[in-house]
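Below: one structure, written as structure tokens.
The values are calculated or read from the model by the stated rules, or taken from the named source; none is laboratory data. On a predicted model such as this, the values are computed, not experimentally measured, just so you know. All Cβ positions, even for glycine, are placed from backbone atoms using ideal geometry, and neighbour counts span all protein chains on display.
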Amino acid sequence: MRNLRRYLRTQTNLMLFSGLIGGLSSAMAVGLLATSAWLISMASMRPPILVLEVAIVAVRFFGLSRGALRYVSRLIEHKAALTTISNLRIGIYLSLERKVSKYFSLISRGGLLRRLVSDTETAQDLWLRLANPWIGAIVSGVCGIGIVDFLLPKLALILGGILAMAIFFVPVLALRWESTQQEIEESVFDSVVQACDSIQESLIFGYQENVREEIDEAQSALRRIDIRSGLSTGFAVFVHTISVGASVVIAAAFATKAFQSGEIAGVNVAVLILLPLVIFDGLTGLPAAFSRAGNIFASAKSIDGLLVVDSQELTSAYECFPDSDNYQIIFDKTVPILVNTNLEPFSGIADLGSILVLRGKSGSGKSSIVHALLGFLEYEGSITINGIEASHISSEERIARFSVLLQQDHLFATSIRENMKIANPLASDDEIMDAFKIVELFDLVTEVGLDTHIGAYGHNFSGGERQRIKLARALLHPSQILILDEPFEFLDYAQVTRIASRINELTANKTLIVVSHLEFALN
Amino acid sequence: MKPLDPRLLRYSRSSRGFLFAGALLALLSAILVIGQAVAISSLVTSIFQDKRNLTSNHKLIIFILGIFLLRGFINFSVEYLASRSSSRMRNELRAVLLDKVLGGQAQEIFDEGPATISLLATRGIDNLDSYFSRFLPQLFIAASVPLVVGIAIASKDLTSGFIILATVPLIPLFGIFIGRFTGSATQKRWQTLATLSGYFLDLLTGLPTLKVFGRSKHQEANLEKIGLQYRDETMKVLKISFLSALALEVIATLSVALIAVSIGLRLVGGSLTLKSGLFILILAPEVYWPIRQVASYFHAAAEGVEAASRIFTILDSATEQGEMEISQIDEISWSELVVTYPNRANVIVPAGRITKNRVNLIVGPSGSGKSTLLAILLGFQRSYRGEILITSSGHSHNLRRVEISSWRKQLSWLSQSVNFPRASVREILLQGDCNLTDDQLKVVLTKVELDLADLPFGLDTNLGRISEQLSVGQKRKIALARALLKPAQILLLDEPSASVDDIGELGISQAIQDEIASGKFVVLVTHRIGLMGEDPVVVMGAN
């Protein structure tokens, strides 16, 4: 996970520091118990009160600083984790932005984008849930063993050995490497989402039973995994408890001998026997955390795969986009290259005054032709723009010269104005409203105002309205070449005719490529 | 929010066993904790004060080992039981929810769309894991261990008992107090957080759009700004919750320190024995720790409990069901229908009538309510003013009183946006009529002008979310074929020519004429008025 590590590493110092502080906080509990045990043993010998004063103050100090240290450690680690996530998001965005073709292969499959977002958040658990608690357990354990070592070095050696084994084995026993867990979880979720999405059709065509069976099957697979995970977590907890018990008994044996041979003072007997009860406390949360490790690793791995840096970018020298106000785009036996699909070669000419309309059977790759022109896809054959091969011009430059309406176009969860300004940051409100006139949204937008929030995925508007906002946005972008992929989806026949004739007028001296089966509207 | 919703017992059968076993294990572990304290304090006293050697203490040592072994088993059982039961209860809850939803009994899914329900049935129920496997077991422990241990301590030393009685209630009281004090501020913060965290997904979804407008390079600074803003807002929320955890922890540790010091002082005074002192010292943290732990799990569990209570509301809701079974249909008619949507103008469907022997055209601009009429006829939209009457062998029945599944048996439908389950093309077509051979299926596919050669694996081509091998148009043709195959009396076609660019109009017309000739009602929602050369029966949005 080399790529991910680059991002995690930036916060390493803070994370280690917070792990240390967290460990010290647990160590305070060790100190608290050791001092209390000493205090009580000492008190039973009825010394002058003054002797106890120091211990009393120490007990209070340990009690207070435990909580305080814990508070500080949690604040530091969460801040560091959130900073890491923020950087990770930027990294993921930039890598997808550079590799648009990878992006398209990603979004073509269901909820992967949503999953990517949640994976990014899960990646922080590598630190928060796994590494840091583990470091904390080591630190507090070492502090406890330190006290034992001060009192009775022989015993420290043995208890240290048990602790070291427990710190290693308890998480490992609980660890589930099964990345299949996440896959099965996803498949349950997928089936459920699918079932909910297709509920209406399943009621009419009566196939709910099959859907239920599929979900039940995936659920019982999930349960088997949960049961296995419960067994291994339980076993880890068992080992933890037994280690404590064994340590108490061993400590009792050593303390008896040392006390009788005069090696240690009697007040320390209680300290040595009670210490094992808290030395292992740092391990308490580890089994539960490590039982989810498989999922955390799986998320981290999928994020890592996205962050791969492509070294061989921008190798070929590009030609400039030709400057002209008369563009001719010629497709000659163009075949966009898609995995697993063989498309028919496409030929056609877009020219001033002659609109190129891509129609043809569904699935024949009309949108892929558009993507090839934009540089989102590689192609065979040729596409020329005023005689220059499109692939010789950088994708960035090509895109900059086109006005494009994509089928994947998205309305952002912000105001109508902000959405429109994406196409043309300099556009005035009047220009924006002019674009809305073309798509017959002028009245609606005037009524609700340009500041109206568009809602997540444009939910405040109907399907036809959303499509028209997107179309208006594409028209707002200043350019000599327009590429519109299915601009008339969800629109009425009569409306299509009217809007199409306005677009015709608007683009009289521009080059226009349209993917649509309503070609008649564009004469 | 209730820590334990009684509705859980009703909807999840295995929860009862879990609650019983959990309570039993918690009680056992309380007893063992006391036994352990007795044994260890006796051991220390006998070594330190009575100067006994190891061999004379061998019974105590074996007893201690035994107790730890038993505690190990109990801890194992708690962990295993929690994990297993959590899985079981979540699955059960998901199953009852899906039974209700997929049975068409949950009106919410039609009113609010599938997204909220599917989120509830997936992540929502998953969030219950920390509630089931962490919070509930800890709740049992918190309810039994402090009580039992507190009594044990008080029986040895009343003063310590009083300190516990005075300080323990501070923890829940303080917890509630802090919760009340910060609750509304935290709630507001969470909303801001939800908006901020949606930003990344929004940006990723819109990447192609930003790209084509040359704006994708300008987002880095924005992303960083929002990321840091998100971080700082989250930290504000976390500071509050960590601070309340700190307060509870300080109360707990100070109480333990208070007890330890008071024991020490009374030992000096000679009013307490060392054995009792040690016993209390070992036990005192066990009183406070479980309660504090419950409070910390409470926050993690809150999200899941929220989801659970929404699920229970759906499960509790009942929709009125008609009882009249319907078979032979002669005519369908309706008075003016009015449907009210929040944040939108009312949709008004003019009165109309659907008969056999003709194409029943329904036309109107987008948003005028064509789909609403279909949703009412299909029984998905149930809140409307006005009535739909179905004439069946001479009698008129109100649609509201018709048994819905017998009615839906008579319906076949091509929806505007097709949604297939994960299945092969053959399986999808057989949903229409399961008694057909491949050859018969091919005949229908030819009718809708879908060439099997265009499908990667012919009839075995897989559909559904995972494999997006087919175009929207191809999927709609398959859906149209399925709709034609179902032996139903009423065929509802919603925009059959949208996205299907190459079904010749003649082809569709022919298929539709065939259905009419076979005696079916054909309802066609379309914007191509000229398509069938007939007058529409309903024109929407005319007023």
Identity of the residue in segment B:374-410, outside any helix (DSSP H, G or I) and basic (Lys, Arg), that ends up modelled with the highest pLDDT: B:Arg385
Residues being polar (S, T, N, Q) and either part of a helix (DSSP H, G or I) or at pLDDT 85 or above (or both) - total across segment B:1-25: 2
Residues located in segment A:433-478, provided they are in contact with a strand residue (DSSP E or B) (Cβ under 6 Å, 6 or more places away or on another chain), assigned to a loop (DSSP other than H, G, I, E, B) and facing chain B (nearest Cβ under 10 Å): A:His477
Yes/no for A:Val72 being assigned to a helix (DSSP H, G or I), within 11 Å of chain B (Cβ to nearest Cβ) and either among the basic types (Lys, Arg) or over 22 Å from the mean Cα position of the chain (by Cα) (or both): yes
Verdict on A:Val51 being farther than 30 Å from B:Arg215 by Cα, at pLDDT below 90 and in a helix (DSSP H, G or I): yes
Cβ-Cβ under 7 Å pairs, at least 6 apart or on other chains, segment B:205-227 side more than 7 Å from every other protein chain (Cβ to nearest Cβ), far side among the aliphatic types (A, V, I, L, M) and part of a helix (DSSP H, G or I): B:Ile226/B:Leu196
Whichever residue in segment A:417-452 is basic (Lys, Arg) and under 24 Å from A:Ile399 (Cβ atoms) and, among such residues, is surrounded by the fewest Cβ atoms within 10 Å (Cβ to Cβ): A:Arg417
Which listed residue is out of contact with any Cys (no Cβ under 9 Å at 6 or more places or on another chain), within 12 Å of chain A (Cβ to nearest Cβ) and in contact (Cβ under 8 Å) with a residue 40 or more places away in the chain, from B:Ser133, B:Ser197: B:Ser133
Failed item in (1) within 8 Å of another protein chain (Cβ to nearest Cβ); (2) closer than 26 Å to A:Leu116 by Cβ; (3) of a type in the set (Phe, Trp, Tyr), with A:Phe259 passing the rest: (2)
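Conditions (1) hydrophobic (A, V, I, L, M, F, W, C); (2) closer than 30 Å to B:Val44 by Cβ; (3) surrounded by fewer than 16 Cβ atoms within 10 Å (Cβ to Cβ), marked per residue:
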site	(1), (2), (3)
B:Gly264	no, yes, no
B:Gly270	no, yes, yes
B:Gly277	no, yes, no
B:Ile280	yes, yes, no
B:Ser296	no, no, no
B:Leu315	yes, no, no
B:Ala318	yes, no, yes
B:Met324	yes, no, no
B:Ile329	yes, no, no
Pairs with Cβ under 8 Å, 6+ apart, first in segment B:422-438 and at the interface with chain A (Cβ under 9 Å from one of its Cβ atoms), second assigned to a helix (DSSP H, G or I) and surrounded by fewer than 18 Cβ atoms within 10 Å (Cβ to Cβ): B:Ala423/A:Asn210
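Out of segment B:267-288, which residues are of a type in the set (Ser, Thr, Tyr) and either under 29 Å from B:Phe174 (Cβ atoms) or facing chain A (nearest Cβ under 9 Å) (or both)? Break it down into steps so the answer makes sense when it comes.
Kept after step one, since they are of a type in the set (Ser, Thr, Tyr), are these residues of segment B:267-288: B:271, B:273, B:276, B:288.
Across segment B:267-288, the qualifying residues are B:Thr273, B:Tyr288.
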Hits in segment B:355-373 (condition: away from every other protein chain (no Cβ under 14 Å) and assigned to a helix (DSSP H, G or I)): B:Leu373
Helices (runs of 4 or more DSSP H) wholly inside segment A:345-427 containing at least 2 residues that are of a type in the set (Val, Ile, Thr) and touching a residue at least 12 places away in the same chain (Cβ under 8 Å): A:366-374
Flag if A:Ile215 is surrounded by 22 or more Cβ atoms within 10 Å (Cβ to Cβ) and within 7 Å of another protein chain (Cβ to nearest Cβ): yes
Complete set of residues in segment B:411-427 that are part of a helix (DSSP H, G or I) and touching a Leu at 6+ places or on another chain (Cβ under 6 Å): B:Val425, B:Arg426
Single unsatisfied condition, B:Ala517 versus (1) modelled with pLDDT of 85 or more; (2) of a type in the set (Gly, Ala, Ser); (3) in contact with a strand residue (DSSP E or B) (Cβ under 9 Å, 6 or more places away or on another chain): (3)
